[in-house]
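The values are calculated or read from the model by the stated rules, or taken from the named source; none is laboratory data. Just so you know, these numbers come straight off a predicted model, no measurement behind them. Positions of Cβ are generated from backbone atoms using ideal geometry, with glycine treated the same way; all protein chains shown enter the neighbour counts.
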Amino acid sequence: MITPMNALDFIDAELTQASAPRVSRKPLFLFLKEGHKALIRPLSELKDAIVLRKHNKWSEDPNERVNAICAKEDGKDCIYCQKAVNDKKMNAQMYFYLPVYVHGVVDQATGQKLTFTKKDENGSETTEAISGMRLLELSAYGTVGKILKSFREFMREDDSPIVTELDFTLTQVGSGQKKDFVLMPKMPKAMPDHVKEIATALDLSEIRARILESCPPVVAEEGYSHPAGWESKDTDPAIKAIVQVVNNGQELDDTITDW
Ligand SMILES: [Zn+2]
């Protein structure tokens, strides 16, 4: 027999979830700084890169910055496409997301391997060398356009192997206006087993979902726009309101005082 759930069950479930430490999300993108040199192995061919249109507008004011996958990629009306009618900088651009295995990143100034802080479910932190699956976010424009062009030109060579058959070094030279990237192919080499395992298990639709999660689209709905980061929750509004009150540390107003 199925026991019907009542509001208290939902409240308990929500409270447990709210007080649980945030499950650590694995880093998704490869970020480099000046002088950083990464040794990478593409995990899929360039033709299998994930293609998504994205609105990207930089502003001095963090609240004005836009970094959102176009809602049309989800088959919905996009607020930024509407804004792009009057603001060309708001236009969506085509982005290519290439999954790569990062063997490691070295800071050329110190010769040290770069690390990142990893938090586990219990909130304890460990420092690990950067390695594992990351995405290269590429477009034909801007500084990253150079990386895309290098990959493409490499593939045009008649006798060139496919990109998954060799490692590349990717180095960031300079920063700011002088920022540039240098992509250099290494000699073709069999994929190590631990990398092959990751390449075989690669789930492109899951990666696509994670990209949408980190650069959330904003849907245009009859003149109403959700703020960035908004996500729909299917919880009953009444229960949600109760949970909200409980979360805010207020007591439920179940005592009638105005007889
Ligand atoms: Zn759009």
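The rows are residues; the columns are (1) surrounded by fewer than 13 Cβ atoms within 10 Å (Cβ to Cβ); (2) more than 19 Å from the chain's Cα centre (by Cα); (3) within 16 Å of the ligand (Cβ to nearest atom); (4) assigned to a helix (DSSP H, G or I).
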residue	(1), (2), (3), (4)
Lys26	yes, no, no, no
Leu32	no, no, no, no
Leu52	no, no, yes, no
Lys89	yes, yes, yes, yes
Gln93	no, no, yes, no
Tyr97	no, no, no, no
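Residue check: is Gly142 within 22 Å of the chain's Cα centre (by Cα) and on the phi > 0 side of the Ramachandran plot?
Numbers: within 22 Å of the chain's Cα centre (by Cα): yes; on the phi > 0 side of the Ramachandran plot: yes.
Yes, satisfied.
Determine which member of the set Thr117, Thr143 is farther than 22 Å from Glu45 by Cβ, of a type outside the set (Lys, Arg) and free of Cβ contacts under 8 Å to residues at least 24 places away in the same chain. Don't jump to the end; show me each part of the working.
Details: Thr143 fails: free of Cβ contacts under 8 Å to residues at least 24 places away in the same chain.
That would be Thr117, the only listed residue that is farther than 22 Å from Glu45 by Cβ, of a type outside the set (Lys, Arg) and free of Cβ contacts under 8 Å to residues at least 24 places away in the same chain.
I'd like to know if the range 103-126 contains one or more residues that are of a type in the set (Gly, Ala, Ser), at pLDDT 95 or above and within 16 Å of the ligand (Cβ to nearest atom).
no
What about Gly145, is it small (Gly, Ala, Ser), touching a helix residue (DSSP H, G or I) at 6+ places or on another chain (Cβ under 8 Å), surrounded by 13 or more Cβ atoms within 10 Å (Cβ to Cβ) and over 18 Å from Lys186 (Cβ atoms)?
Values: small (Gly, Ala, Ser): yes; touching a helix residue (DSSP H, G or I) at 6+ places or on another chain (Cβ under 8 Å): no; surrounded by 13 or more Cβ atoms within 10 Å (Cβ to Cβ): yes; over 18 Å from Lys186 (Cβ atoms): yes.
No; evaluated as a whole, the condition is false for this residue.
On the given criteria, is Tyr80 away from the ligand (no atom under 16 Å from the Cβ), among the aromatic types (Phe, Trp, Tyr), in contact with a helix residue (DSSP H, G or I) (Cβ under 8 Å, 6 or more places away or on another chain) and touching a residue at least 60 places away in the same chain (Cβ under 8 Å)?
Details: away from the ligand (no atom under 16 Å from the Cβ): no; among the aromatic types (Phe, Trp, Tyr): yes; in contact with a helix residue (DSSP H, G or I) (Cβ under 8 Å, 6 or more places away or on another chain): yes; touching a residue at least 60 places away in the same chain (Cβ under 8 Å): yes.
It is false that Tyr80 is away from the ligand (no atom under 16 Å from the Cβ), among the aromatic types (Phe, Trp, Tyr), in contact with a helix residue (DSSP H, G or I) (Cβ under 8 Å, 6 or more places away or on another chain) and touching a residue at least 60 places away in the same chain (Cβ under 8 Å).
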